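In what follows, a structure is listed as structure tokens, so that the remarks can point back to it.
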Amino acid sequence: MRSCCFASILGIGLSMAAQAGEDIKVGVVLPYSGVYASLGADITDGMQLALDLYGSEIAGRKIVLITEDSEVKPNVGLTKTKKLVFQDKVDLLVGPVASNVAGAMRDFVHNAKMPLIIPNAGNNLLTGEKCSPWVIRTSFSNDQINRVMGPWLYEQGHRTLYLMAPDYAAGHQMMAAVRRGFTEAGGEVLGEEYPPLRETKDFAPYLAKVKAIRPDALYVFFAGGLAIQFVKQYHEFGLKAEIPLTGAGWLTSPLFLPAQGSAAAGFIGALNYVPTIDSDENREFQFAFNEKYKRIASEFTVQGFDTGRLIVEALKITGGETADKAAFVRAIHAVEFTGPRGPFRIDPLTNNVIQDIYIFETRQGGYNIRHVVIDKIADVQDPPNGCVM
Ligand code: BEZ
């Protein structure tokens, strides 16, 4: 027993000594092609900005990002994850964007005891029933963003809803969250539609049903190319005046607004960040991002930025050591800061972020279209949802 432990302590000591001066390799699995390609690019740029601002070298070790394209495909995401771990021998992982890809990666990283920091994918299970000490989420859970909207919409006077989202884990989990809150408040869901994630090019058949059923409001989740297409067609159908458009706030992300234009006006959504948050931290962040990338930073950028900042601050605590993965995760739990979206910390009970959720309206003012915050729910924390670490 004694010789086993002495040997393993010596082993850790040697591997730490061997690490000094070596790069800290962060394996990044994000979509750089497919329906969520622009989200992957924004997250990567946000992470890079955080390294520029908070330090890209800790205790003589340079932090380098090794990026791989998940293509928004679960099997590709898993293959790229294994390549980063076995071939590139990364120290930690960041990714993915999509809930289905996160689901595919979960068992591998859990069994490999490899820290995975999720900068977007909201799959509830990964910080709920299938939580892991090695899986930490800096973005949101699908439930966390959407469950606040059910009671809120009921309070606004809506009594019936129709739901629409892509047919995969995130779509179903988000709609379940809003349905639960809305029906518990006394409302009724009149129907729901789940168009395919990758193949949907035309929403006309789905919108025709909404028009015929006439709910008090339509609640949707779409992001990427689907969000652009959906908003344009909703506008063309002339439905907005009769049936208010509400939903998960990614629909009118600053990433999609230039393509949507005035068609996006009037949407009411919930999200963990909008560019118009009135704080010094947000103004400084938007300024720094704009200086470097010449565009408005989105919620995806912020999630990448806060992920980068969390990694840097945790590495400062471990003195740049990454061999002891449990110590790295403990350091992550010790980091707290106020960033562009407000107070940020990781809940050690679930490894999901605790954060403010903003309810906003996308409003047109002259030639400008912007997100106007109309309500804020502070410090939204997920219940354990079956998570036992
Ligand atoms: C998801 O798949 O979890 C997701 C994708 C895009 C935006 C939000 C959530």
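The values are calculated or read from the model by the stated rules, or taken from the named source; none is laboratory data. Given the structure is predicted, the values throughout are model-derived calculations rather than measurements. In this analysis, Cβ positions are derived from the backbone assuming ideal geometry, glycine residues included, and neighbour counts consider all displayed protein chains. Remember, those area values only see protein heavy atoms, side chains included, never the ligands or the DNA or RNA. Shrake-Rupley method; radii C 1.70, N 1.55, O 1.52, S 1.80 Å.
For the residue pairs K73/K130; K130/K209; K316/K376, the C-alpha atoms sit more than 25 angstrom apart in K130/K209; K316/K376. Note on K113: accessible area is roughly 110 Å² with a 1.4 Å probe, heavy atoms of protein only. A simple charge model with +1 on the Cβ of Lys and Arg, -1 on the Cβ of Asp and Glu and nothing else charged puts the dipole of the stretch 240-328 at about 300 debye relative to its Cα centre.
Assign one of three labels to the stretch 21-90, namely rounded, prolate or oblate, based on the Cα gyration tensor with a ≥ b ≥ c the square roots of its eigenvalues; rounded applies when a/c is under 1.5, prolate when it is not and a/b is larger than b/c, and oblate otherwise. Each step should come with its number before you reach the end.
Working: a/c = 4.72, a/b = 1.39, b/c = 3.38.
In terms of gyration-tensor shape, oblate.
Placing +1 on the Cβ of every Lys and Arg and -1 on the Cβ of every Asp and Glu, with nothing else charged, gives the chain a dipole about its Cα centre of roughly 580 debye. With Cα atoms as the point set, the chain shows a radius of gyration and Dmax of 21.2, 76 Å.
Below 15 angstrom from the Cβ of R180, what's the summed charge of the other residues (Lys, Arg +1; Asp, Glu -1)?
Numbers: positive: R147, R179; negative: D143, E184, E188, E192, D382.
Summing Lys/Arg as +1 and Asp/Glu as -1 gives -3.
Packing order of peptides 299-310, 88-99, highest average first: 299-310, 88-99 (average count of other Cβ atoms within 10 Å over each peptide's residues). Per residue, how much accessible surface does the chain expose to a 1.4 Å probe? Answer in Å², no decimals. Spelled out: the 1.4 Å probe surface of the chain, per residue, equals 39 Å². Taking amide H atoms as placed 1.01 Å from N in the peptide plane, the amide H of E192 lies under 5 Å from those of L163, each 5 or more residues away in sequence or on another chain.
Solvent-accessible area of the chain (1.4 angstrom probe, protein heavy atoms only): carbon and sulfur portion equals 54 percent. Of the listed residues S38, S279, the order by accessible area with a 1.4 Å probe, largest first, is S38, S279. Long hydrophobic helices in the chain, taken as whole DSSP H segments with a C-alpha length of 18 Å or more on their own axis and mean Kyte-Doolittle hydropathy at least -0.5: 2-19, 37-54, 99-112, 169-185, 299-318.
With a 1.4 Å probe and all protein chains in place, put K376, K73 in order of accessible area, largest first.
Working: K376 105, K73 70 Å².
In descending accessible area the options line up as K376, K73.
For the stretch 271-389, the Cα gyration tensor yields ellipsoid semi-axes of 30, 19, 10 Å (square root of five times each eigenvalue, largest first, whole Å).
Heavy-atom accessible area for H235, with the other protein chains in place and a 1.4 Å probe, reaches approximately 90 Å².
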